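Report on the structure given below.
Every read-out reported here was derived from the displayed coordinates using simple, explicitly stated rules and does not represent laboratory data. Nothing here was measured: the structure is a model prediction, and the numbers come from that model. Backbone-built Cβ (ideal geometry, glycine too); neighbour counts: all protein chains shown.
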Amino acid sequence: MVVFAREHPLTRVKSAVLFTRVDISIFGICPERGSAMTAIKKARRYMPFYIMALPGLIYLLCNNYLPMAGIVIAFKHLNFQKGIFGSDWAGFDNFKFLFASNNAFRITRNTILYNLAFLVIGTTLAIALAILMSEVQGKIASRLYQSLILLPFLISWVIVNYLVNAFLAADSGLINNSIIKPMGKAPIMWYNSKQYWPFILVICSTWKSIGYSMIIYLSSIMSISQDYYEAATIDGASKFQQVKQITVPLIKPAMITLTILSIGRIFYSDFGLFYQVPRNSGPLYSVTQTIDVYVYNALMRNSDFGMSSAAGVYQSIVGFVLIISANALISKISKDNALF
Amino acid sequence: MQVKSFENIAWKSVAHIVLFLFALAAVLPFVLLVSASFTDNQTAVAQGFAFIPKKFSLDAYNYVVREWRTVGRAYSMTFIVTVGGTLLSLAVTCLFAYAISQRDMPGRNLLTLLVIFPMLFNGGLVSTYYVWSSVFHIKNTIWALILPNLLMSAFNVILMRNYFQTTISPNILEAARIDGIGELKLFLAIVLPLSAPIVATIGLMGALAYWNDWTNGLYYLTERGGGHLYTIQLVLNSINENINYLSNNSQLATAAATQNLPSTTIRMALAVLGLLPILLAYPFFQKHFVKGITLGGVKE
C-alpha cells in the first residue's frame, strides 16, 4: 500500500484498482477505523460530502420547501404590505369562493378528461409505432424515422403556437385558405370556435410527445430476446401472432408502470400546451382551461391571490393523494417498478 | 417458406408506409413555417400560407436584419442563459447526486427523501412566485431565468445518483482515498471523467430545457422592467401576448397600435430563428438525446 502510494500518479490509480481488495482488508483492521469510530468521527469523515450537498440543499429549501410553507396564502386574505404572516386569516373562504363558482368543476373536468384522452391515444399509438419501428431493419431508415418523429419533442410550446397559427390563422392560415375556401365555405374563426379545440389539443399533444413515448416502448421491445421470435417462427407463428403473444405481453410491465404514473399525474396538465396553443383565448376557456392555466390567469391577469392559491393547493393535495395511491398500486403489482 | 417471406415483406412495407407518414406529419408544420417566413406579406394575408411560398420574398428576413439589435440581443440572452444555466445546474446536480451516492453517509436517506418529496407534493405557483419575487427579489434580473424550477431536477439527481452507484466502483474510490487524495479532487479528477456519458446526457437535457424555457420569463420578467433580458422564446411570446391583448380589446386596436406589431410573415421568420439552432444541432446530439430518454424512461 505504502509502496504504490509513492509511485507515479498515473500508474498509481491502476495499481490501486488491482490491489484494492487487499488494501481494504488491511485498512479494515486499522485501529482508527472499524468499530471504534465514533459518530462524530464518521460525520467528520463525510464532511466534504455534506459541503458538496449544500448548494443543492439550499436550492431545495428556496425553490421547494419555502413555497410549501407558502401554502398558508390559500388560507389568508393576502395583503402585500402586511406580508404573508401579517395578513388576515381567511379560513376556508378562498376555497368556498372557488368551489361556489363554476370554475372548479370546469377546470377539474378539463384537466382529467384531456389527460385520459392523451393517455389512451398516446399509449396506443406509441406502442403501435414502436412495434412497427422494430420491424424496420435498416439502421439508417430506422434512425431517420426516429429522429424525425422525435423532432417536435425538442421545441418549445411557444414555437408550437406559431406552427399551429400558420395552419389556423383566420386570414393567412393554411386550412382556411387551402381547404375551407376552395370548398366554398366561409372561413372558420378557429380561435373563437370552441367545438374544434378538444381535437386540436389532442392532435398537438400527440404530435409533440409521440416520439418520446415511442422511444421508451421501443427500448423495451429491443430488450426482448430474439430467441422467442426465432422459436415462434420455427413453430409457424405468424407475425401478428408473435406481436400478440410475445411482444405485447413482454412490454406489459412497462405499459402498466407508465400508465399508472400518468394516472398519478392526472391532476397536472402541461401549462405550455393549454396556455400557448389556444393563445389564452377567452372564448375557448370552457374547453381549454385546465387547473394550471386557471391558476396562472387568476394570479397574473387578475391578481386574485385567494382564488389562485386555493386552486393551486387543491391541485397539490389531490395530486399528492393520487400519486401516493398510484405508487401503492404499482408496488402491489410489481415491487421493482415502484417509485419509492 | 414462400408464404413466410411474403408475410415479412408485407409487414415491412406497412411499417415503412406508416412510419413515413408519421415522420411526414412531424416535419410538415416546420416546412409550412419556413415557407411562410419566405412568403410576401400581402400575398400571405390575401391567399394564405402554403408549403411552397406562393410569392417568394425576403422582406421578413430583411426586417429581422434591420432590427438585429433587438433580435441579436434576444439571441445572446438565450445563449448566456443556456450556457450559464446548464453549467450551474450541472455543478449543483452532480455534487448533490455524488454526495447522496455515498452509501454509508449518515443522513443520506434524509437528503434523498428531501429531493424526492417535491416530485410528489409542491407549494404551487402562487407561493413559489411569492417566494422568488418577494423573498429573494429576483424579478427582472437575469437570475429569474436561471434559478426557478430549472436549476436542479429531482429526476436528474436520482438518475445521476444511480449512475454513480452502479458504475463507479467503490474500490477505485477507496484506493484513491488511501493515497490521500482530497474528496473534491477525487470527484473532479476520477469520478467525473468516468461519468462523462451521464454528465453529457443530463447536460444536454438541461441545455434544451433552458433554451426552450419561456415560463420563468413569463412569471418573473415584466416587459418594461425586464424586456432587455428577453430571450428569443420570450420575444416570441410577448409578440403573441400583445396581439392577443389588442384583439381582445378591439377598441384599442388603433392603426398606431397595430403598426408597431410585426407583420405575420415577420413573426414566422422570428419563429424560424427561434428553432434554427436546435434544428442545426439536432443531428449531432440526436444519439445522446435518445439515450437520455431511454435512461429516464426505464427505471433502474
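For segment A:93-337, lysine pairs separated by 8 or more sequence positions, or belonging to different chains, with Cα-Cα distances below 28 Å total 15.
Partners of residue B:139 within straight-line reach, counting aspartates and glutamates whose Cα lies under 20 Å from its Cα and excluding those fewer than 8 residues away in the same chain: A:304, B:213, B:223, B:241.
The charge dipole of the protein assembly as shown, taken about its Cα centre with unit charges on the Cβ atoms of Lys, Arg (+1), Asp and Glu (-1) only, comes to about 360 debye. Per residue of peptide A:135-148, the mean number of Cβ atoms on other chains within 10 Å of the residue Cβ is 4.
Neighbour counting of Cβ atoms within 10 Å sorts the residues B:158, B:172, A:317, B:232, fewest neighbours leading, into A:317, B:172, B:158, B:232. In the protein assembly as shown, a dipole from Cβ-located charges (positive for Lys and Arg, negative for Asp and Glu) runs towards its positive end, and of B:87, A:134, A:300 it is B:87 whose Cα lies farthest in that direction. Close amide H partners of residue A:76, meaning residues 5 or more places away or on another chain with modelled amide H under 5 Å apart, are A:90. Between rounded, prolate and oblate, where does segment B:1-90 land on the alpha carbon gyration tensor, with a ≥ b ≥ c its root eigenvalues, rounded for a/c under 1.5, else prolate if a/b exceeds b/c? Oblate is the answer for segment B:1-90, as a/c is 1.5 or above yet b/c matches or exceeds a/b.
3J(HN,Hα) couplings calculated from phi for segment B:200-207 with the Karplus curve 6.51 cos²θ - 1.76 cosθ + 1.60 (θ = phi - 60°) are, in sequence order, 5, 5, 5, x, 5, 4, x, 4 Hz; Gly and Pro show x. Remark on residue B:39: its backbone amide H falls under 5 Å from those of B:57, a criterion applied only to residues 5 or more positions apart or on other chains, H modelled at 1.01 Å from N. Between A:323, A:310, B:271, whose Cα lies farthest towards the positive end of the dipole of the protein assembly as shown when Lys and Arg beta carbons carry +1 and Asp and Glu beta carbons carry -1, centred on the Cα centre? Going by the charge dipole, the pick is A:323.
The residue list B:99, B:144, B:216 was ranked by how far each Cα lies along the charge dipole of the protein assembly as shown toward its positive end, using unit charges on Cβ atoms, and B:99 comes out on top. In this calculation the C-beta distance from residue A:38 to residue B:104 is compared with R0 = 22 Å, giving a FRET efficiency of 0.95. Would you mind pulling out the separation of the Cα centroids of segment A:247-299 and segment A:127-165, in Å? About 20 Å separates the Cα centre of segment A:247-299 from the one of segment A:127-165.
The alpha-carbon of residue B:55 sits under 17 angstrom from the alpha-carbons of these aspartates and glutamates, leaving out residues fewer than 8 places away in its chain: A:171, B:40.
Sorted ascending by nearby beta carbons within 10 Å, beginning with the fewest, A:318, A:243 become A:318, A:243. When A:183, B:105, A:189 are sorted by how many other C-beta atoms sit within 10 angstrom of their C-beta, beginning with the fewest, the order is A:183, A:189, B:105. Please give the residues of segment B:69-90, grouped as numeric ranges, whose backbone N is less than 18 Å from a label point set 7 Å along the Cα-to-Cβ vector of residue B:196. Answer for this model: none. Listed values for segment B:142-159 are Karplus-derived 3J(HN,Hα) couplings in whole Hz (6.51 cos²θ - 1.76 cosθ + 1.60, θ = phi - 60°), namely 5, 4, 4, 8, 10, 7, x, 6, 8, 5, 9, 8, 4, 4, 5, 4, 5, 4, and x replaces Gly and Pro.
Within chain A, the proportion of Cα pairs with more than 26 Å between them is 69 percent. Under the convention that each Lys and Arg Cβ holds +1 and each Asp and Glu Cβ holds -1, the size of the dipole of chain B around its Cα centre is about 220 debye. For residue B:12, give me every one of the aspartates and glutamates with a C-alpha distance below 14 angstrom, ignoring sequence neighbours fewer than eight places off in its own chain. Result set, ordered by chain and number: A:135. Simple spin-label estimate for residue B:168 and residue A:88 gives 5.6 nm between the two label positions (7 Å along the Cα-to-Cβ direction from each Cα). 3J(HN,Hα) along segment A:259-274: 5, 5, 4, 5, 5, x, 9, 5, 8, 10, 10, 7, 4, x, 4, 7 Hz, from the Karplus curve 6.51 cos²θ - 1.76 cosθ + 1.60 with θ = phi - 60°, whole Hz, x for Gly and Pro. Only the Cβ atoms of Lys and Arg (+1) and of Asp and Glu (-1) were treated as charged; on that basis the dipole of segment A:93-337 about its Cα centre amounts to roughly 380 debye.
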